[in-house]
Amino acid sequence: MVFIILCSSATGSSGWSLPKRINIHRKDTHQYQLQLSLNKNLLHDIRGGGDDDTIDNDNDDAKDAMNELRKQWSSIQATPSISYPVTKDDMFSDQNTLANLDDIRKPTPEETGQRTKAIIIMDGFSPYHGEYLSHAVRHVYGAAVIHILSDFMTRFLYQVEGQTNHLSSRMPDFDSAEDVEKWLSLLPSNIEIVGTYCESDSGLDDAERLGVAFWLYPHCHDGVNKARRDKYLMNQVVGDAGLDVVKQQSCETLEEAEDFARGLGLSEDSDSSTLVVVKPLRGVASDDVFLCQDLPSLRKAFTKILHSPIFGSSTAAKHEKVLIQEFITGDEYAGKFNVKYLRSECFIWPLCIFI
């Protein structure tokens, strides 16, 4: 029997040279508002209100807290931060020496009269990841890069680091058609957004919502998918594809967790050979993942996770459920697989296989 375990992927993306799509121009206001209305309904339908076996990141108190922060930021307009393509001619001065890229100003699309493809990079900080991709997009593929911060990162820099100079690079409020339209109206008319890339795990949800709100879905974006951030749902998706998966249950109460664990063979006695895994539905790597050998250790793990902050939640939402899974043994084969999109970078997805 083979069990497939998908490790949480760090990014969601779409290649920037994908099939032709309808472009957004400032003159298309009425058409855009209609599409935005449809996309907002789509977001509501996909994200839902948190059904029985999914995470609900949008409790009222958390949303109110985020809205209050947006009010504090309202004096600073969220604006597109655009880095234009750099050509070989721009790279060298008259002395044939490498110029300072900060001193190079590319002509705007209005000045050149040419259309410029652009990719949005969210939370692109790492020189080996987001910054590297930004450099490749501009220097190799001749496209522009629009840098944007997720709600989570914006809030972290503001509340934890005490910074404010980043606020203009925040996302528009996707619950406000006026805010989204205002952001898009600030783009040069010849800029064509053709893809998104998110460096941070905590920004994945925002990157997916952005792709829908900015008309990339469904032509070059696959929409909002909760399973990418929900360990329970991802296990279900793999099972629905016909692969063997571990037994699991998403539990709201300790009583539910204990009953399910007992069904797997866990007891009060630690001498039992049964082991049970307790983890948050939304997490990263092995943070707050516990291997429990008896019911007392399960109770301790469950209590630690329940009502703890959800990783990557911009609204500081809490875990209302805890995931309980059976533990399996076997040889682990971990590998990295390259997924190459047309004219874009390679992205690495980890996969673990137990046999």
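Remarks
- Test: residue in segment 330-352 that is modelled with pLDDT of 90 or more, of a type outside the set (Asp, Glu), on the phi < 0 side of the Ramachandran plot and not in a loop (DSSP other than H, G, I, E, B): no
- Residue pairs whose Cβ atoms lie under 8 Å apart, sitting 6 or more positions apart in sequence or on different chains, and linking a residue in segment 263-288 that is in a loop (DSSP other than H, G, I, E, B) to a partner that is among the basic types (Lys, Arg), are 280/231; 281/231; 281/321; 282/229; 282/231; 283/231; 288/279; 288/304.
- Only a single item in (1) surrounded by fewer than 20 Cβ atoms within 10 Å (Cβ to Cβ); (2) modelled with pLDDT under 95; (3) within 30 Å of residue 160 (Cα to Cα) is not met by residue 304, and it is number (2).
- Unmet criterion (only one of (1) at pLDDT below 90; (2) crowded, with 16+ Cβ neighbours inside 10 Å) for residue 147: (1)
- Any hit, segment 125-140, residues being closer than 25 Å to residue 282 by Cβ and either crowded, with 23+ Cβ neighbours inside 10 Å or β-branched (Val, Ile, Thr) (or both): no
- Residues of segment 205-261 classified as at pLDDT below 95 and either in a strand (DSSP E or B) or of a type in the set (Lys, Arg) (or both), total: 6
- Answer from 155, 170 - the residue that is surrounded by fewer than 23 Cβ atoms within 10 Å (Cβ to Cβ) and of a type in the set (Lys, Arg): 155
Per-residue answers, yes or no, for (1) among the acidic types (Asp, Glu); (2) farther than 30 Å from residue 69 by Cβ; (3) more than 30 Å from the chain's Cα centre (by Cα):
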| site | (1), (2), (3) |
| --- | --- |
| 260 | no, yes, yes |
| 267 | no, yes, yes |
| 273 | no, yes, yes |
| 279 | no, no, no |
| 286 | no, yes, no |
| 294 | yes, yes, yes |
| 322 | no, no, no |
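- Some residue of segment 188-204 being under 19 Å from residue 80 (Cα atoms) and among the acidic types (Asp, Glu): yes
- Residue within segment 302-312 that is in contact (Cβ under 8 Å) with a residue 60 or more places away in the chain and either among the aliphatic types (A, V, I, L, M) or in a helix (DSSP H, G or I) (or both) present: yes
The values are calculated or read from the model by the stated rules, or taken from the named source; none is laboratory data. It should be emphasised that the depicted structure is a prediction, and the values quoted were computed from it without experimental measurement. Don't worry about glycine lacking a Cβ; one is built from the backbone with ideal geometry, like all the others, and counts go over all protein chains shown.
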